[in-house]
Structure formats: C-alpha cells, structure tokens
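Comments concern the structure below.
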Amino acid sequence: MSNDTHYEVLARKYRPQNFSELAGQEHVSRTLQNAIDSGRVAHAFLFTGARGVGKTSTARIMAKTLNCERGVTHEPCNVCPQCIEITKGTSTDVFEIDGASNNGVDDVRDLRDNIKYLPSHSRYRIIIIDEVHMLSTNAFNALLKTLEEPPEHVKFIFATTEPHKLPVTILSRCQRFDFKRVTLPKIITRLREIAEKESVTVSDTSLALIARKGDGSMRDSLTAFDQVLAFCGNDVKDEDVGTLLGTIDRRLLAEISAAIFGGDTQGVLAGIRQVDLVGYNMRQFCQELIEHFRNLLVIRSVKKPEEILDITAAELDELQKQSIHITALDIQRRLTLLIKAESEMGYASFPRLIVEMALLKAALLAPLVPIQELIEKIKSLETAAVHTPTLPWETARVAPAPVPQQTEPSHAVPSRQTQPAAVAVAAPSPQSAAGVTDWGRFVVFVNEKDRQLGSVLEHGSPLKRETGLIEIGFPAGSYYLIAAQDGDFIAEVTALACTFTGVNTTIRVKSIDAGFTDAPLSLAEKKKSDAEQHLEELKQEAVNHPVVKEAERVFGCSITDVQKF
C-alpha cells in the first residue's frame, strides 16, 4: 500500500463515480438512467435509506450526469472539467449543503435567492441537501414554493436516513427513491475487488467478518476494512480480524450450538468461558447465537434458504451440514430460551450467569417423545381398560353421530338475554308465502346463490320478520354493517328474498349498539356458542375419563387443551 502521508481512506478512495459502481442499488440506478435517456428528469429527488448505502454518492453521480460536457447521458465521463470539479466538490454550480448545520430559515432564503441566477458554466444548478430532515419547520415552509415551481435550470436532490420526519408537503413534491441495505455477498465482492487493487492478502472468512460488521452499510464495511489494514498490514489473519472487530468467531458459534444439541454441558460451559476469555460482550454473543439459531431454523423450514438468508455460500454449506440431524422444533425450543435470556441481560449485573443458565437449560431439554410412540402407549392403556367407557373422541371417529338440529320457532326469536348457552343450527322448516319464517333457511338459500352475500348475512341478527319485511341488525361500526348498508348489497338480498318468499319483500338494515341484549343471536354467534359449549363438554368428559386419568398417572402429565377430531 502507498506510504503517502496524505492517506485517503478507502471509503473516499473507492467511492462510486458512476452508476455501474453503485453496489446493491441497481433498482435506483436503472430508474435514474432510464429517466435521463428518455428526458424525463424530475426537478426534485428524495433519496432515503440507511447510512452508508450510497445516497450522497448517487446524488453526485446524478449531478455529473446532468452537467457532463460530453452531454446528458446515463453515465458521466469523469474526465471532463465539469465531472472533475463535481468529484472534488469544487463546482460553482453544484451546491452540497449539510442540512444539520444549515437548517435555519435564513439559510433557505439565501439559497432561494441564489438559485435565481443562471449556472456559470453548466447546464443546471444542482442543490444537494444531505440529512434534509434536520431542517426546521420554518425552513421547510420557505422552501415549499421554490420546490414546487423551481427555475428550469435548477434540480434539487435531498438525502435522508429518516424520511418520516419530513413534512408531507415536501414528500409530495419529490420523486422518492428508497435505497436498500447492501447484501452481505455484494459487500464481500466489493471488498475483494478493493483488496486486489490494494495488493492485500485476506481470506473470504475475514471479508465476511468485515462485511457483517458493516451491517448492510458499504461505507461502514470499508471503514472496518481500513481499521483491519491499519492493524494487520497487507497480510490479514482471520484471528486478528475477529479480535480487532470484536466479532464472534463463527466456528465458536458452531461448536457451542453443537454442544447444546448434543447435550454436552461441559462443552457448553467451556465455550462460554472461551467467549469471556477473548473479551466478547456477553449480550452481543447471545445476539449472534440467536442469529445463528435463526439461520438454522430457516434452513430446516424452507426449501431455498439462500433466497432468505444474508450469508455467504460457504456459511450456508456449513449450516446445512450442522442442521442435518436436528429438527425445526428442536431449534425453536432452544431459540425461545435464548431470546428470553437476551431480553433479561439488558438490566442484569451478571450477564454471563444468565447466558450459562439459558444454554445449560437448552442443552438439558428433554427430547420430545414421537407422537407415534405416545399413540402406541395410549392404545396399550385402552386395551388394559377395555371394560371402561370409550373416550368421547373415539366415539366420534368410529361412528360419527349427526349434529342435533333444532327448529327455530317461526313466531318468536330468542334474544341475547334468553338465548341458551348452546343452541344448535336451525334446521329447515316449511316455507310459507306469508314471509320468511326461518331465518336460518333463508341464509342457507342466499349462501347457495352468492357466498359473499351469505357470509355477511350470517353475522346479522333477524330483528323483525313479517310478510313483506325483513329487518336485519349488525353491530355498530363493524365491517358487516358497512357491507350490508351498501346499495348493491341491499338490492341483491331484496331480489333473493322475493324469490325465497314469493312476495315482494323489503330489506331493512339497522345498527345494533354495543351492550344491546334484546337482539337475537346471529348464525355466526350461534355456531360459536355451540362449538364452545361442545368443546367444554368434551373437556369435562376427557378430564373425568378413567383412561385419561390412568394416562396422567403413567406419563406424569396433565390435560392442557382438548380439540375435537
């Protein structure tokens, strides 16, 4: 590397100078280049995204593209005087302003007065305001009119990491581009290119550690690379990178996780001791271990984990090898313990102990008994208790009984005060020309004709039913009330009611206030009440069943939930 005392840091030396060098923001580059080629360049742009992902670099590239002496093209030449001046920051027609230090209304007024004049030797006067969200409210107000109707020779480019702090009046006047976090493989590729140009010997493992330190920021990654080169010189060792950056060695994470899944408590505590000896922050270690387990879980849960995980191909291969003999459920159980431990470490004075307790518990988790084995044990218990009554769900499986049906009286509808705890779904009853005598049958009829209409009616309460009139109530403010009040809905239901009853029928929709108990239950409420009552009865039968009691004794367990099969 050069021994020049005027050393230029990598983040500045290798700053992108054209769109093709802008890593990870291809969607922005393509859109801006197409706008330039088609002559549809807006007067104001807003670049948003995390730090160090290329917002200001893109603004400078855009300025060079628009003012390049060789013409407005989708890539600047970077050799003409205009491009060189913009690159060095000495152009008199490109103003790069820091919004944090020039955030007053007077600063914006001065800017507004200056942009009235034509550019001195360029096509456009370009105003770049970095961290634009730092401008005061008065400054934004002073900028509004100029931003909406700027002179033809002026272009505005704003950059910010916090777009939610900008007034909507500013946002609506700009074309917005959201910059993504740069993926790990793209950062590693860029670091490899720079390492080759700088004649640096460095492994892919070290580059991955450096890139991960950047956390999606290309500038932060280059800054970390600069720090590593200052410490290691041109020959970078993996162990030096880990020590310098304070990152956890991925091999150590793999060894500790293997000890956890293998139930090796000695290995778990030895790994934590190694973490402590090296000087890693225990909470950071816990967070990286959580990330490691999360990667394992994704690999065991999806067919193409490479499309989801932001890791290198080598790391993916290692994780896949480790996850072969473990299940997603095993990972989930241990991941839950780690997440709980990490949250407790935020206010604990002994973080190492919390990590040790969590990992020991994870290593000592009893393996889950396969469901087939449990079924076999249950069958053996049933055989032993052959003279005892059968379980309720077994009866349902062997001989499914029809659900009891109860005909709803045509002369009265039970209200919410008098409705029993469990009411079966109404069975069809004879139809008369005097009106809809069976609300349940009418809803079934509508469902057969139009499922969408029927699904709304199922949540309505029949307030009044007489010849030529059906009055339906829906909870105030609910989606179903809004849907039922729609003119098309009422017209379609009216037509179906006329067909069903044989007479002209009016449909009237009313709102039911919360706490109003006189309205009959809707069919949806009846079904829910029936299901809850039936489930409670099943639970009581199961709890008191001799076979279940024997199973509780044998397995040392208790019933926590009952489901109907």
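Values in this text are rule-based calculations from the coordinates and carry no lab data. In this text, all values refer to a predicted model and were calculated from it rather than measured experimentally. Note: ideal-geometry Cβ built from the backbone for every residue, glycine included; neighbour counts use all protein chains shown.
A few notes on this one:
- Here the residues 204, 178, ranked from fewest to most Cβ neighbours within 10 Å of their Cβ, fall in the order 178, 204.
- Under the Karplus curve 6.51 cos²θ - 1.76 cosθ + 1.60, θ = phi - 60°, whole-Hz ³J(HN,Hα) for segment 8-21, x wherever Gly or Pro sits: 9, 4, 4, 4, 8, 5, 10, 5, x, 10, 8, 5, 5, 8
- Between segment 207-250 and segment 294-310, the C-alpha centres lie 25 angstrom from each other.
- For residue 222, neighbours were defined as the other residues whose beta-carbon sits under 10 Å from its Cβ, and their charges (Lys and Arg +1, Asp and Glu -1) total +3.
- Per residue, the convex hull spanned by the Cα atoms of the chain measures out at 265 cubic angstrom.
- Considering only beta bridges that DSSP places wholly inside segment 439-520, some 40 percent are antiparallel.
- For the chain, the longest principal axis of the C-alpha atoms and the axis of helix 137-148 are separated by about 80°.
- Taking the longest Cα principal axis of the chain as reference, the axis of helix 250-261 is set at about 20 degrees.
- Cα-based helix-to-principal-axis angle, 105-114 vs the chain, degrees rounded to 10: 60 degrees
- From phi via Karplus (6.51, -1.76, 1.60), per-residue ³J(HN,Hα) for segment 299-307 in Hz, x at Gly/Pro: 4, 7, 10, 10, 7, 10, x, 5, 7
- For segment 74-126 versus segment 479-539, the gap between their alpha-carbon centres in whole angstrom: 66 Å
- Neighbourhood net charge (14 Å Cβ-Cβ; Lys/Arg +1, Asp/Glu -1) for residue 112: -2
- Backbone amide hydrogens, once placed in the peptide plane, bring residue 45 within less than 5 Å of 156, 157, 158, 175, excluding anything fewer than 5 places away on its chain.
- Eigen-decomposition of the gyration tensor built on the alpha-carbon atoms of segment 10-178 gives equivalent ellipsoid semi-axes of 23, 18, 15 angstrom, largest listed first.
- Here the residues 300, 294, ranked from fewest to most Cβ neighbours within 10 Å of their Cβ, fall in the order 294, 300.
- Karplus (6.51, -1.76, 1.60) ³J(HN,Hα), θ = phi - 60°, over segment 37-52, in Hz, Gly and Pro reported as x: 4, 8, x, 10, 8, 5, 8, 8, 10, 10, 9, 10, x, 5, 5, x
- Under-5 Å amide H pairs with residue 472, H placed in peptide plane, nonlocal only: 463, 508, 509, 510
- Listed by chain and number, the lysines whose C-alpha is less than 30 Å from the C-alpha of residue 64, apart from same-chain residues fewer than 8 away, are 13, 55, 88, 116, 145, 155, 165, 180, 186, 197.
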